[in-house]
Structures are given as structure tokens and as C-alpha cells.
Amino acid sequence: MTVAARTYLRNSRRVDHALLEKLLQNHLSPSSSIVDEVHTECRTVPRITAEFWTSRQRQSSSLHEISYRACFKAQLPRFFIDRFSLPGDVVYDPFMGRGTTLIEAALQGRRAWGNDINPLSKILARPRLQPPDIDEVRRRLSSIRLSAKGHAAVDLSMFYHPRTEAAIVSLRKYLLARRHAGSLDAVDRWIRMVATNRLTGHSRGFFSVYTLPPNQALSPDNQIRINRMRRQKPEYRDVSELILRKTKSLLRNLSEQEYSNLAAVSREARCITLPAWRTKTIDNDSVHLTVTSPPFLDIVNYAQDNWLRCWFNGIDHRQVSRRMTVVRLLEDWEDAMGRVFSELHRITVPEGVVAFEVGEIRNRNLNLDEVVVPLGHQAGFRCVAVLINQQRFTKTSNIWGISNNKSGTNTNRIVVFQKSRKHH
Ligand SMILES: C[S@@+](CC[C@H](N)C(=O)[O-])C[C@H]1O[C@@H](n2cnc3c(N)ncnc32)[C@H](O)[C@@H]1O
């Protein structure tokens, strides 16, 4: 049975009123949020459905605009950062991906910590916590000699014009040499992040010919097929020019305040590359808020998807794949996430909060939020609520040149936990 949130709050003795009211600020009108309950062996938890954040809200920062498989929108971490952290607090994501939680936290003056087993994640996230001046980027790019001749050891001819490929190969050589010499600086790291992001995509803003979206599985064979179907051949692209253009775009709406927040916290930002359940370098009781979405119960293989990005950065994607959590069985997923919750409990400050996003319902009837509630409890957390953000959208998609307007809903399920005041 479902009831309106206001009625539920008024009548229920089971819930933590102060925390729920904090969560539901502005969502307590009679019709705006609906509550049902998740019953587990140890506890009954309210599950609230509403449009908690919308794309109409304050636009998110252009600094987020880096594609990554299964990333969440910046509005999601912002919702929790606003409610459950203060400037100077540590906000953490153990599965940081492109770094949405970290960037949003740092923009708001929180200390940003993150972890991801995929080393690409740090390459994509860290530089955006310390954005350089555009003139520095321009000067650095003009000082790097990008050759017009040269091939990669792998065949990339289906993606790039020969001169573009030569420029990419020499930029890669420059960056790897700087890394080996220990002389990579913030400007180099920025250039590496932007170039990694520009490798493939479906507009002229990318180095490649039209490909699948840059965050999706792409293989040379598939690309040959796409080229044949679209009767396309890779055209020349100016690598430096495109890096500069994307730099401008990433920095286009950063405010003075956001620049100064980033400057204040970037030195203390931490990006680590460890299994999420064994982050030994993080002290006990040190994280105020965690906002995260784990690898889902499916076969998304983030490293496999990103082989070209890995190649550019001198990373062996097969080795990364082996370390990543890719599970098909619910028991294995529960086992892995149970260990993650124990680790989160160790590093969270007393009364700290964890917001754990599990995506949409899988296979019609598997509600991962219901699976996650007891896992958090077993680790010692108290589950405050499950939030279901139901966002309506209309989007124009353009697939293979055919446009269609699609409306639908974009659902996020987030399980919210709190660590108790006195922990055992
Ligand atoms: C759903 S994505 C997170 C996306 C992120 N919220 C964002 O906005 O970009 C899950 C991430 O978990 C990482 N991952 C997979 N197994 C892991 C493990 N055992 N430890 C840490 N990270 C892992 C993947 O590399 C991937 O980046």
C-alpha cells in the first residue's frame, strides 16, 4: 500500500523523522511524493518516490561533460552533498568512474576523495579538480611537436586519418615519456584527460571518424562495418585544436566561486586505484558522506569498453578487466557489496551518511534496493530510506541518422544509510 509522504511521516513511529525531513525538504506536498515500505528481516524502511531532482534545476557544471559508461548525473550527488555535508567535509566515492561525485563535491568546497579499480578513472577525474588556465594549455600544446607521420603498433586506420593518427601517436609518446620521467604536471594531465575523452565519438569534435558513442564498446571490426554502412572514411582532424576547443567548453560556465572552491580543496583531493572493499590508505572514521553507484549486476565490462582509451594511456585493459567486479550471479554481487559496506562502515565518521545508487529494476522483478538494505545493516549501518527519483524526460535521439522523440522516465534508486553515533 502506498501513501503520501506527509501522511506517512505524520503517522509513522518507525522512522527517523529528523533525517527524513532533511531528505524530503521541498517534497512534502500532498501529492509530490509517495511512500511504500521495504520489509527486511531486521527492519522496515520507507521507500519514497518523487522527482527529487530535475534537469530543469540549476544547470550542472560544464566541468562534468566527460562521457563514461554508466555514469550518473551531477544532480544526484549534489542532492546529498547539499543535505548531508558541509564545506571542508570529506565526500567520497569508492566507484568513482568519471568522478561525478568528486567534481561536484569539490565545486562546493568539500574535500573530494575517490577510488576506482580502473586506472582510467583517475586519469579522467583528477585533472578536473585542478583546471589549468586556457593559455597554459595553448602554450603547452604548441610546445609539443606533433608529428605528421607515424603509426600505432595496433591498426587504427578504421578510426583515424593517417595524419590524425600520427599526431595522436606522438602526443601519446610525449605523455608516456613525461610520465616515466616523473615530470607530468597539471597541464600535461589536463591535456591527457581531454585527449582521452576526444579519441572517439560521433561528431567533428572528436579525433575519429563517426563511431559509436565514445563510452560504448567499440571494436575495429565493428568500426569497419560502420564505415561501410555510412560510406565514410576518416577525415583529417586537428588534434591540438580539438583539445583546446574541448578545454574551453569544459571551463565555459565555471564561476569565480567554483574556481576558488576547487583551488581550496584540490591539493587535498585523493584518487586511489584499489578494490573498493580494501582501501587501506583511508583512515577509520574519516569520511562524512559517500555517494556512489557500484558496478551493476550485469556484464558491463568497463575496461573492455575502454580499450582504446587504455591503449592511449599505456594501460593493459586485459589486466584491468581481470581486477574488475563483473558478476552475473546475485550471490556473488551480494558478497562483493557486503564487503564494500563493511569497508564503508570502517571509514565513515559516526553519524556519516552513505547514499548507494543501484539503478533501475533489473530483470523486471529484481529490486537491488531490497537486496542492499540488509547488506548495509549487516555492516552496522542503519537504513534511513530508499529514494526513487523518477525523472520525466523527452529526448531526441539520433541513431544512424534517424531522429525520433522519445519520452520516458529515468529512474534512480538510492538506498540511504547512516552510521550510528557510537560505533562498536
Ligand atoms: C556504475 S560505474 C560508476 C560511475 C560513476 N558514478 C560516474 O558517475 O562516473 C561503476 C565503477 O566501478 C568500477 N569498479 C568495478 N569493480 C570495482 C572494484 N572491485 N573496486 C573499485 N571499483 C570498481 C568500474 O571501473 C566503474 O568505473
Original post:
Considering amide H positions built from the backbone, and no H for Pro or chain starts, which residues 5 or more places from residue 384, or on another chain, come under 5 Å of its amide H?
Top reply: 416, 417, 418
**OP:** Name the long-range amide H neighbours of residue 115: under 5 Å, sequence gap of 5 or more, or other chain; modelled H, no Pro or chain starts.
**Re:** 93, 95, 96, 272
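Compare the peptides 315-326, 379-390, 103-114 by average per-residue count of other Cβ atoms within 10 angstrom and give them in order, highest first.
The densest-packed peptide leads the list: 103-114, 379-390, 315-326.
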Original post:
To the nearest 20 debye, what charge dipole does the chain have about its Cα centre, counting +1 at the Cβ of each Lys and Arg and -1 at the Cβ of each Asp and Glu?
Top reply: 1160
Subject >> Amide H within-cut-off set for residue 412, under 5 Å, with H built and near neighbours excluded >> reply: 389, 391
Original post:
Does a label point 7 Å from the Cα of residue 178, set along Cα-to-beta-carbon, have any residues of segment 128-167 with amide nitrogen under 12 Å, and which are they?
Top reply: 132, 136-145
Original post:
If you count the DSSP beta bridges with both ends in the chain, what percent of them are antiparallel, to the nearest 5?
Top reply: 60
**OP:** Find out how many positive minus negative residues lie around residue 323, taking Lys and Arg as positive, Asp and Glu as negative, among other residues whose Cβ is under 13 Å from that of residue 323.
**Re:** +1
**OP:** Could you give log10 I(q)/I(0) at q = 0.15, 0.18, 0.23 Å⁻¹ for segment 148-262, computed by the Debye formula over C-alpha point scatterers of equal weight, without solvent?
**Re:** -0.73, -0.97, -1.33
Subject >> Phi-based couplings in Hz for segment 236-246 (Karplus 6.51, -1.76, 1.60; Gly and Pro marked x) >> reply: 5, 10, 8, 4, 4, 4, 5, 5, 5, 4, 5
Original post:
Most fluctuating residue of 197, 11, 261 in a GNM of the chain with Cα springs under 10 Å: which is it?
Top reply: 11
Original post:
If you build a Gaussian network model of the chain, linking Cα atoms that sit under 10 Å apart, which residue out of 288, 151, 180 swings the most?
Top reply: 180
Original post:
For segment 139-184, which trypsin sites (Lys or Arg not before Pro) are both in a DSSP coil and crowded by at most 16 other Cβ atoms within 10 Å?
Top reply: 145, 149
Original post:
Which percent of Cα-Cα pairs in segment 79-184 sits in each 5 Å bin, short to long?
Top reply: 2, 11, 14, 15, 15, 15, 11, 8, 5, 3, 0
Original post:
Once the Cβ-Cβ distance between residue 204 and residue 255 is put in as r, and R0 is 30 Å, what FRET efficiency do you end up with, to the nearest 0.05?
Top reply: 0.55
Original post:
Quick one: which of 280/419; 73/422; 122/422; 173/233 span more than 28 angstrom between C-alpha atoms?
Top reply: 73/422; 122/422
Original post:
Hull surface divided by four, with the convex hull built on the Cα atoms of the chain: how many nm²?
Top reply: 21.4
Subject >> Hz values of 3J(HN,Hα) by residue in segment 343-351 - Karplus curve (6.51, -1.76, 1.60), Gly and Pro given as x >> reply: 5, 4, 5, 4, 8, 7, 5, x, 6
Original post:
What list of ³J(HN,Hα) values in whole Hz, one per residue of segment 114-122 in order, does the Karplus curve 6.51 cos²θ - 1.76 cosθ + 1.60 (θ = phi - 60°) give from phi, with Gly and Pro shown as x?
Top reply: x, 9, 7, 5, 8, x, 5, 4, 5
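Read-outs: derived from the displayed coordinates by stated rules, not from any lab. None of the values given here were measured: they were computed from a predicted structure. Neighbour counts are summed over all protein chains in view; Cβ atoms, including those assigned to glycine, are modelled from backbone coordinates with ideal geometry.
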